[in-house]
1. Could you go through segment 89-111 and let me know if any residue there is of a type outside the set (A, V, I, L, M), over 19 Å from the mean Cα position of the chain (by Cα), assigned to a helix (DSSP H, G or I) and surrounded by 13 or more Cβ atoms within 10 Å (Cβ to Cβ).
2. Would you confirm whether or not segment 167-181 contains a residue that is within 11 Å of the ligand (Cβ to nearest atom), buried (at least 24 other Cβ atoms within 10 Å of the Cβ), touching a residue at least 24 places away in the same chain (Cβ under 8 Å) and assigned to a helix (DSSP H, G or I)?
3. Residues in segment 145-152: is at least one more than 24 Å from E304 (Cβ to Cβ), surrounded by fewer than 21 Cβ atoms within 10 Å (Cβ to Cβ) and within 16 Å of the ligand (Cβ to nearest atom)?
4. Taking into account only those residues within segment 252-290 that are touching a Leu at 6+ places or on another chain (Cβ under 7 Å) and either among the hydrophobic types (A, V, I, L, M, F, W, C) or within 16 Å of the ligand (Cβ to nearest atom) (or both), which is farthest from L63 (Cα to Cα)?
5. Please state which of the following conditions L232 fails to meet, knowing it meets all the rest: (1) hydrophobic (A, V, I, L, M, F, W, C); (2) more than 11 Å from the ligand (Cβ to nearest atom); (3) touching a residue at least 60 places away in the same chain (Cβ under 8 Å).
Amino acid sequence: MRAILPAKGSEKEVVLGRLRDMRSRDVPTELAKFNLLTPYADDSFFDVGLQALNMFGHENAMLARVIPSVAQVMKDITDIAMSLQNAPDGAGAAITAGGTESIFSACWAARDYWRERNPSSTATPEVIAPNTAHAAFQKSAHLLGMKLILTDFDENFRGRASDIESRIDENTAMIVGSAPAYPHGVFDPIEAFSEIAVRRNVWLHVDACVGGYVSPFAEKAGFNIPPYDFRLPGVRSLSADLHKHAYAPKGISTLIYRDAALLKYQSHTTEGWPYGVYRSTGFAGSRPSHVMAAAWAILHHLGEAGYLDLVKRMYRAKARLIDGIAGIPGMYILGVPESNVFTFTSDSCDVYAVAEMMEKQGWFLFRILKPRALHIQCDPFDDEMIDKVLTALRACVERVTKDGLRSGSDKTGYR
Ligand SMILES: Cc1ncc(COP(=O)(O)O)c(C=O)c1O
């Protein structure tokens, strides 16, 4: 039945009560904190973000020019993003609504940059990426009229630099590497991609949407993080999402360019509109400033020490989960994931059936397609939660194996 706007409004407490009631029927908080159904939220810092969010409630970031507080928040966020990714002097950055918009904007910039350099070409500009690159590249290529060329992943689930290079020609507008790619949580060989980008003079975009606010701290904490950021000379743009592991509320990502002048290629100016000149950077017009304020508040509240602590706990959780899963007969981890994301499968039972059984108990394990496997994105889970997940998983695997159960569904990914 279609809902209608009530003829008369209700009291604040009635309205909020109804929302509270809806929320109470969602997955219980403890279970939802596993595998990102709800962001891992340590009340101590999440509340800071929510208070900042309230403070900037309705302000439009598009009008930052006349709202100094919003302009300052935006400058500070982009400065911090550029510092964390070791962007050189002269770099520039944009704030977007999320990973998909960052990827879209980078493709848009690379397309228009390519067009400017090939004014007489009627060819379709091309993006070359390992097929593990996020689906947002497919969506962006479709919307921007670009051709996306996908290469296969190797036995370690990484894109092959030689495959990428072999597809470069005069129509190449951009090559892409992920740090890490979402499906298996492994880094593409960005150093080799960068070397190709420099030698062949092509645009390299690094998709660090999921890893961008993990890797700088993981590297500082001594974990093995392959080179992926602007210290590599071929990296021209890089996306990193604040609404993932920087723990900002949903709706905010950063997109960094080695050269601030490149920002103009993801901007548009409309002239001759009766209202006057309309200029915007990125896809959106009006933009919410409340998520920016929340991100700003959380970044400043946690500081480097806070993120280092979270990342150490996140990697400890990952190590415990990987050890526990690898200890279950038949189960093994795919590749050597350097990030907080990893994938596992079994050679003795149907892992989709395991996921179905886990889901009935409230533990969501996302299913990936290639190969048939399950996916975990680690937050700084505590020991108690990890023990519960492993106990449930062991029991489900045992049952599925013993009874030879098969999943009747091929639902994978976000579907
Ligand atoms: C590597 C990577 N890129 C891009 C995205 C898309 O981000 P969003 O869902 O914020 O649009 C994701 C999301 O998980 C991701 O993991």
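A short reminder: the numbers here are calculations on the coordinates, not readings from a lab. Quick caveat, the model's predicted, so the values are computed rather than measured. Here Cβ is always computed from backbone atoms with ideal geometry, including for glycine, and neighbour counts include all displayed protein chains.
1. Yes, the conditions are met somewhere in segment 89-111.
2. no
3. Within segment 145-152, one or more residues are more than 24 Å from E304 (Cβ to Cβ), surrounded by fewer than 21 Cβ atoms within 10 Å (Cβ to Cβ) and within 16 Å of the ligand (Cβ to nearest atom).
4. I256
5. Among (1) hydrophobic (A, V, I, L, M, F, W, C); (2) more than 11 Å from the ligand (Cβ to nearest atom); (3) touching a residue at least 60 places away in the same chain (Cβ under 8 Å), the lone unmet condition for L232 is (3).
Okay, residues lined up against (1) outside any helix (DSSP H, G or I); (2) charged (D, E, K, R); (3) more than 10 Å from the ligand (Cβ to nearest atom):
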{"residue": "P216", "(1), (2), (3)": "no, no, yes"}
{"residue": "P226", "(1), (2), (3)": "yes, no, yes"}
{"residue": "S237", "(1), (2), (3)": "yes, no, yes"}
{"residue": "Y247", "(1), (2), (3)": "yes, no, yes"}
{"residue": "K250", "(1), (2), (3)": "yes, yes, no"}
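So that you can scan it fast, the table gives a plain yes or no per residue for (1) closer than 16 Å to G327 by Cβ; (2) assigned to a loop (DSSP other than H, G, I, E, B):
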site	(1), (2)
S348	yes, yes
M357	no, no
I376	yes, no
P380	no, yes
